[in-house]
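Only one structure is covered here, and it is reproduced in the block below.
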Number of protein chains: 2
Amino acid sequence: MASSRADPYRALFHKLAMLNSLSAEELDGIKSLPLRPQRFRAGATIISSGQLVSECCLLVEGYACRHKLASDGGRQIVSFHVAGDILDIQHLLFEKADHNVQTITDAEVVFFPMRDLRRLIEERPEVGKALWRDCLVDASIFREWVLNVGRRDARMRIAHMLCEFAAKCEAAGLGSPAQFTLPMTQEDIGDATGLTSVHVNRMLRQLADEGLIARAGREIRIADWPRMQEAADFQPDYLHLAA
Amino acid sequence: MASSRADPYRALFHKLAMLNSLSAEELDGIKSLPLRPQRFRAGATIISSGQLVSECCLLVEGYACRHKLASDGGRQIVSFHVAGDILDIQHLLFEKADHNVQTITDAEVVFFPMRDLRRLIEERPEVGKALWRDCLVDASIFREWVLNVGRRDARMRIAHMLCEFAAKCEAAGLGSPAQFTLPMTQEDIGDATGLTSVHVNRMLRQLADEGLIARAGREIRIADWPRMQEAADFQPDYLHLAA
DNA sequence: ATCCAAGGTTGATCCGGAGCAGCCAAACGT
DNA sequence: ACGTTTGGCTGCTCCGGATCAACCTTGGAT
């Protein structure tokens with residue numbers, strides 16, 4: 001990871017540009033928001049469930065996830081995030097966090113005061129629309145995850161999770177299905193798919209044995225992307241990457 | 001079900017009033033939207049995945065659900081809906097449906113042209129804020145469902161689903177945990193919780209044997225609400241029913 | 001009054017993934 | 001260079017929930 005600070009807006013603007021046509025004034029509006037950068041170590045908790053939140057958190061570099069805890073202590077990851085993702089836009093309208101946000105790798109984030117963001121949205125409704133759209137994509141992904149953990153078997157669940165992550169990385173300019181980094185542990189993958197890390201390990205091996213993926217450390221290569229999508233029941237429509 | 005048409009706004013305004021302080025002008029703006037009422041039989045499909053949608057669908061009476069299909073034909077219900085719920089607000093910003101909307105009972109809905117709704121939101125940003133909030137609540141519920149199907153055992157999953165539905169019904173003025181109607185079949189409950197209808201049946205019996213619920217036809221009574229919430233790991237915060 | 005279709009109920013068997021245990025390899029701090 | 005920690009890997013056993021198969025109940029339709 002680079003030791004110098006990355007441009008905090010690059011990844012976000014790259015994402016916004018794909019789907020929304022924001023004017024230079026609107027982007028300047030975002031740039032003029034006061035911000036507070038902060039670095040977190042891998043595994044650090046950025047936001048805890050129940051906490052009152054008055055800032056909006058943008059992931060600038062690294063990887064993060066959101067998760068909830070069951071009464072028996074079981075952890076369910078509900079989303080993975082890459083640079084450019086806003087991690088808690090829901091606090092624009094809710095005071096209290098209903099889930100946790102945690103880093104997966106060392107990460108750099110910036111915080112915007114929610115109050116200033118609200119004002120910007122009032123002045124520049126197009127910015128609000130872009131962020132609203134982002135919420136809707138999030139919700140669509142959650143729906144797909146309900147399907148994934150509710151109705152697919154272990155092998156397919158993991159294949160699907162890999163496809164989605166590959167697609168997200170590609171959209172963020174962090175690689176392609178043919179070559180990307182899988183930053184999370186097998187334990188994390190288990191917590192995202194409702195499986196144990198032991199079983200994740202076996203399924204990854206099986207996918208590799210089938211020639212669907214090739215692993216080298218944390219680098220993953222999917223040689224035959226259409227075949228992998230088929231095996232994963234992955235239809236990327238729900239990511240709404242195209243307008 | 002009453003044969004005469006219900007006031008299409010009553011349930012929606014009841015819900016909006018709980019969390020948003022919309023002015024009379026803003027509510028009148030909603031009332032002035034052109035609308036097209038339509039009745040559907042139980043089990044009818046209102047919106048199909050992949051379809052282009054240019055109207056917004058409000059459930060006025062009856063019950064509905066949203067679901068996705070896996071490649072093996074398995075159905076995963078991702079949400080249940082009661083009167084007052086908007087069933088597809090995401091089409092405000094997405095053209096194409098990424099999941100299906102289906103009635104559970106005979107139902108009455110009204111359609112608003114999305115174009116007019118967009119215009120209203122531009123003129124009355126508070127209306128947009130109220131709808132945005134609704135999307136965020138939806139997303140929060142999806143996250144809880146991921147946890148439910150990913151990390152809870154069958155008994156708890158069903159108990160949780162019952163608690164959530166009871167809370168939603170109560171908020172909509174359709175009963176209370178002490179007495180409400182469960183309109184869906186055990187097959188539906190299975191499709192929502194990632195279980196088979198056979199196993200749903202056994203778990204419902206078990207919950208009844210434990211005295212947590214009492215069933216009479218499709219009427220459910222939860223005598224000891226705190227004990228049931230405990231058994232279900234149900235903490236209603238994620239529904240964001242309070243401001 | 002009778003038929004029939006849905007949905008609810010119960011029993012028997014099977015299997016996918018959990019749980020447990022232990023080992024190995026790489027990365028890290030000192 | 002060395003111990004320690006963290007994550008990856010593998011074998012074995014067990015169980016929760018799926019699957020298959022009937023049968024029962026209820027409510028419409030005729």
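Read the figures in this text as sums done on the coordinates, not as results from a lab. Every value quoted in this text rests on a predicted model; they were computed, and no experiment measured them. Positions of Cβ are backbone-derived with ideal geometry, glycine not excepted, and every protein chain shown enters the neighbour counts.
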- Query: Angle between the Cα long axis of helix A:154-171 and the longest principal axis of chain A, 0 to 90 degrees, nearest 10?
  - Reply: 40
- Selection from A:GLY194, A:PHE80, A:LEU136, by position along the positive dipole direction of chain A (Cβ): A:GLY194
- Message: At 0.890 mPa s and 25 °C, plugging the Kirkwood radius over alpha-carbon pairs of segment A:10-145 into Stokes-Einstein gives what diffusion coefficient in µm²/s?
- Response: 160
- For segment A:59-70, in residue order, the Karplus 3J(HN,Hα) values (coefficients 6.51, -1.76, 1.60; θ = phi - 60°; whole Hz; Gly and Pro = x) are 7, 9, 8, x, 10, 9, 9, 10, 8, 10, 10, 8
- Item | Loop-located GluC sites (Glu not before Pro) in segment B:1-98, at most 12 other Cβ atoms within 10 Å (DSSP) | B:GLU95
- How high is the relative contact order of segment A:53-160, given as a whole-number percent (alpha carbon pairs under 8 Å, six or more residues apart)? 30
- Message: Using a label point 7 Å beyond Cα on the Cα-Cβ vector, give me the inter-copy distances for B:GLY43 in nanometres, one decimal, shortest first.
- Response: 5.3
- Query: Taking A:LYS68 as the anchor, which lysines have their alpha carbon closer than 22 Å to its alpha carbon, excluding any fewer than eight residues away along the same chain?
  - Reply: A:LYS96, A:LYS168, B:LYS168
- Note on the structure: Given 20 °C, 1.002 mPa s and a Kirkwood radius over Cα pairs, the Stokes-Einstein diffusion coefficient of segment B:115-243 in µm²/s is 135
- Message: Between B:ALA24 and A:ARG115, what's the calculated FRET efficiency when r is the beta-carbon distance and R0 is 35 Å? Round to 0.05.
- Response: 0.80
- Query: What residue among B:LEU239, A:LEU212, A:LEU19 has its Cα farthest toward the positive end of the dipole of the protein assembly as shown, where the charges are +1 on Lys, Arg and -1 on Asp, Glu, each on the Cβ?
  - Reply: A:LEU212
- Item | Position A:ARG118, label points 7 Å along Cα→Cβ, spacing to each other copy in nm (shortest first, one decimal) | 2.7
- For segment A:206-243 the trypsin sites (Lys or Arg not before Pro) that pass both the DSSP coil test and the at-most-13 other-Cβ-within-10 Å test are A:ARG218
- Query: Along the three principal axes, how long is the protein assembly as shown when you take its alpha carbons, biggest first, rounded to the nearest angstrom?
  - Reply: 66, 51, 39
- Cα pair distances in segment B:22-92, grouped into 10 Å bins until the bin that holds the longest one, percent each: 15, 45, 28, 9, 2
- Once amide H atoms are placed 1.01 Å from N in the peptide plane, what residues at a sequence separation of 5 or more from B:VAL60, or on another chain, have their amide H within under 5 Å of its amide H? B:GLY84, B:GLU108, B:VAL109, B:VAL110
- Be a star and scan segment B:4-38 for residues whose amide nitrogen sits under 20 Å from the point 7 Å along the Cα-to-Cβ vector of B:GLU126. B:9-33
- Task: Would you please give the FRET efficiency between B:THR45 and A:THR196, computed as 1/(1 + (r/R0)^6) with r the Cβ-Cβ distance and R0 = 30 Å, to the nearest 0.05?
- Result: 0.20
- Name all residues of segment B:195-217 having a backbone nitrogen under 17 Å from the label point set 7 Å from the Cα of B:ASP224 along its Cα→Cβ direction, giving them as ranges. B:206-215
- Query: Quick one: Cα centre-to-centre distance for segment B:17-36 and segment A:7-73, in angstrom?
  - Reply: 32
- Message: On the Cα set of chain B, report Rg and Dmax in Å, please.
- Response: 17.9, 55
- Can you give the charge dipole size of segment A:154-239 about its Cα centre, rounded to the nearest 20 debye, using +1 on the beta carbon of Lys and Arg and -1 on the beta carbon of Asp and Glu? 220
